[in-house]
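The values are calculated or read from the model by the stated rules, or taken from the named source; none is laboratory data. Predicted model, so just to flag it, every value in this text is computed and none were measured. We place every Cβ from the backbone using ideal geometry, glycine too, and count neighbours over all the protein chains shown. All accessible areas refer to the heavy atoms of the entire protein, side chains included, with ligands and DNA or RNA removed. Shrake-Rupley method; radii C 1.70, N 1.55, O 1.52, S 1.80 Å.
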Amino acid sequence: MYKVLVADDEPLMIEGWKTMVDWQGCGYELCGTATDGEEAIAAIRACPPDLVMTDIRMPVLDGLGLIRAMKEELGLTAKTVIVSGYSEFGYAQEALRYQVDHYLLKPLVPEEVHKVLRELAGPLAERRRAEGAAGAERDA
């Protein structure tokens, strides 16, 4: 199972993430939720996820700031998905700069979320195998 953290400042969206997505059926476990980027960073430190799904506009620290902090400050290589009610090109451009894996528009459609989760499972499995091989080499 791959661990997922969801960050969104809308309580109804958090509830939707918990109830509408078949996490286990797609090979994932929802390990935490956060209502802003700062709270998400604390959750990441407590339980490093394999995948972070974040709203782009949140108080305190927005989704792009969260992804920048994850990659540049924490050195986390988790897969990332931006979820937004905004299809503005500037957001997409900045998301590309941080190598975001997917950009989903709200309102969420469970089938689209499941498709993204299945697409990311392959690269996550490959990363896990590579990390396991690297760990075995270090231990030898």
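State the dimensionless ratio Rg/Rh of the chain (Rg: radius of gyration of Cα atoms; Rh: Kirkwood radius). Mind dumping the intermediate values first?
On the way: Rg = 14.8 Å, Rh = 15.3 Å.
Dividing the radius of gyration by the Kirkwood radius yields 0.97.
Go ahead and set up a Gaussian network model of the chain, Cα springs under 10 Å, then flag whichever of 95, 46, 34 fluctuates most.
In this elastic network of the chain, the residue with the biggest mean-square fluctuation among 95, 46, 34 is 46.
Can you pull the percent of segment 1-78's accessible area that's carbon plus sulfur, 1.4 Å probe, other chains left in place?
So the carbon and sulfur contribution to the accessible surface is 50 percent.
Check every DSSP H run in the chain and write down those whose alpha carbon atoms cover 24 angstrom or more along the long axis and whose mean Kyte-Doolittle hydropathy is 1.0 or greater.
Length and hydropathy pass: none found.
Please give the per residue accessible area of segment 22-114, computed with a probe of 1.4 Å over protein heavy atoms only, in Å².
With the other protein chains kept in place, segment 22-114 gives 48 Å² per residue.
Name the residues whose placed amide hydrogens come within less than 5 Å of the amide hydrogen of residue 32, ignoring near sequence neighbours (fewer than 5 apart) on the same chain.
Result for residue 32 returns 4, 6.
Let me check I've understood the local charge: for residue 12, count other residues with C-beta under 13 angstrom from its C-beta, Lys and Arg +1, Asp and Glu -1. What total comes out? Mind showing how you got there, number by number?
Working: positive: 18, 106; negative: 8, 9, 10, 15, 55.
Every neighbour counted, the sum reads -3.
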